[in-house]
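All of the numbers you see were taken from the coordinates with simple rules; none came from a lab. Just so it is clear, the model here is predicted, and its values are computed rather than measured. With ideal geometry, Cβ positions are generated from the backbone for all residues, glycine too; neighbour counts draw on all protein chains shown.
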Ligand code: SF4
């Protein structure tokens, strides 16, 4: 039996087996940002320790940065303080900082790949739960907590249990108007939000093979291939010349073997996937855009209480259509869908057709990085979006988690291309989030309610 990508990368990065049975894994790349690093640096200093590998550590600012204006000092004194602390820490420890001044800032999971830092066969960690994004390159990418950020700063290693590997094959083709976001929401909906606990998911199949790197970053953890190598070639911090050729050999060697031994394999037909909308309080509670809110009987006993909680919180009842749900805010952005190609797809659908955002909807387009924003402005996308009623903002996490001024208020409903719909996630303790693809968010903004983008845009 052959070996999986996960097993190969895991074994090659194992430094030791700990008395607990866990493995101590070398981290090839540590991405840090302003929210989960300050306490970690303080703990390091209290113990008189240095950052062991500053050249493997890279910083940016994303969660707290305002997207209306990035001018300093920020009006939120806490946000300003976090910036000051991050700036001091990177200076003190000699860490490369992707700052706003240099025009390199952005969401940590957008900037890492954009710079060419994220590469196949690596181990990558970051104090953010969506670090799995980097798995799109065939890297083991781990979201870690603050005390683990401290551990990695001090030792460049993490203690970890080895996971089982589930291969998820998406076969055939996606139908028009169905995107990578729908693929990922469909899979989470099918396997459950806890279905992946204890597993690494390796995505495969024709649908994934055809995806661009941007699309794969919406899905995560894919074997590296020509698409990956082409994406990396020539990026600022990816290997160059002979080093690139050597890296290529390593990248090829970590691909899963044809006869690799998986714990199990799940097959999903690409043709069966519809545009998906979440209706509940976790990303697994979703339906196709023309579906209805499922009844309690559709859930296992363990999931029923969360479903009941979701009906109440979202003010949605079993049997109700998701289509037609009124929205107040539309947000296109985040590390899953704040890349240039996401905005270009929306523009392709709306440009020159006279579409306008409904007057009662606040529609925001938030680039994942300053580089994405610059490219949008150079191409005149800001004007097209502006004419249609979408406001182009500065780069940041924005409404994905609302640790900045971009928040819902009261019971507002947000059509959002982000990746979390937990209670209160977008800043208002009673605010409601419906996750969907950027095209579906744009359609909802224009219709003022959840609608089928395929019909509205004639896809
Ligand atoms: S966009 Fe959301 S998930 Fe992504 S890094 Fe920011 S807060 Fe985390």
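Assorted remarks:
- Sites residue 20 and residue 422 - FRET efficiency at Förster radius 22 Å, r taken between beta-carbons, to 0.05: 0.10
- The range 214-272 and the range 348-390: distance between their alpha carbon centers, rounded to Å: 31 Å
- In terms of its C-alpha gyration tensor, the range 111-258 has an oblate overall shape, because the principal axis ratio a/c (a ≥ b ≥ c, square roots of the eigenvalues) is not below 1.5 and a/b does not outweigh b/c.
- Oblate is the label for the range 51-124, because a/c, from the alpha-carbon gyration tensor with a ≥ b ≥ c as root eigenvalues, is 1.5 or above and a/b does not exceed b/c.
- Residue exposure proxy: 360, 186, ordered by other Cβ atoms within 10 angstrom of their Cβ from fewest to most, comes out as 360, 186.
- Relative to the current alpha-carbon distance between residue 244 and residue 209, full extension at 0.36 nm per residue lengthens the span by 10.4 nm.
- Between the range 323-347 and the range 420-442, the Cα center-to-center distance that results, in Å: 11 Å
- Using alpha carbons only, the radius of gyration of the range 378-459 set against its Kirkwood radius gives Rg/Rh = 0.99.
- Gain on full extension, evaluated as 0.36 nm per residue between residue 91 and residue 321 minus their Cα-Cα distance, stands at 77.5 nm.
- Per-residue Cβ neighbour counts within 10 Å put 18, 347 in the sequence 18, 347, beginning with the fewest.
- Computed label-point distance, nm, for sites residue 382 and residue 267 using a 7 Å Cα→Cβ extension: 5.0 nm
- Using the Cβ-Cβ distance between residue 72 and residue 1 with R0 = 51 Å, the FRET efficiency computed as 1/(1 + (r/R0)^6) comes to roughly 0.35.
- Kirkwood radius for the chain, taken over all pairs of different Cα atoms as the inverse mean of 1/r, rounds to 22.5 Å.
- Average Cα contact separation per residue, the range 1-91, under 8 Å, 6 or more apart, as relative contact order %: 27 percent
- Its DSSP H runs of at least 4 residues, each contributing -39,500 (n - 2.57), put the calculated 222 nm mean residue ellipticity of the chain at -9500 deg cm²/dmol, to the nearest 500.
- Estimated at 0.36 nm per residue, the fully extended path between residue 391 and residue 309 surpasses their Cα-Cα distance by 26.2 nm.
- Placing a label point 7 Å from the Cα of residue 49 along the Cα-to-Cβ line, the residues of the range 110-152 whose backbone N sits under 15 Å from it are 145-152.
- Efficiency of FRET from Cβ geometry, residue 129 and residue 101, R₀ 25 Å, rounded to 0.05: 0.35
- Contact order for the range 184-243, expressed relative to its length and based on alpha carbon pairs under 8 Å spaced 6+ residues apart, stands at 27 percent.
- The mean sequence separation of alpha-carbon pairs under 8 Å and at least six residues apart, normalised by the residue count of the chain, gives a relative contact order of 18 percent.
- A crude spin-label estimate for the pair residue 155 and residue 300, with each label 7 Å from Cα along the Cβ direction, gives 3.4 nm.
- For the range 284-414, the antiparallel share of DSSP beta bridges with both residues in that region comes to about 10%.
- Annotation: the antiparallel percentage among DSSP beta bridges lying fully within the chain is about 25.
- Here the range 263-373 yields Rg over Rh of 1.03, to two decimals, using C-alpha coordinates and the Kirkwood radius.
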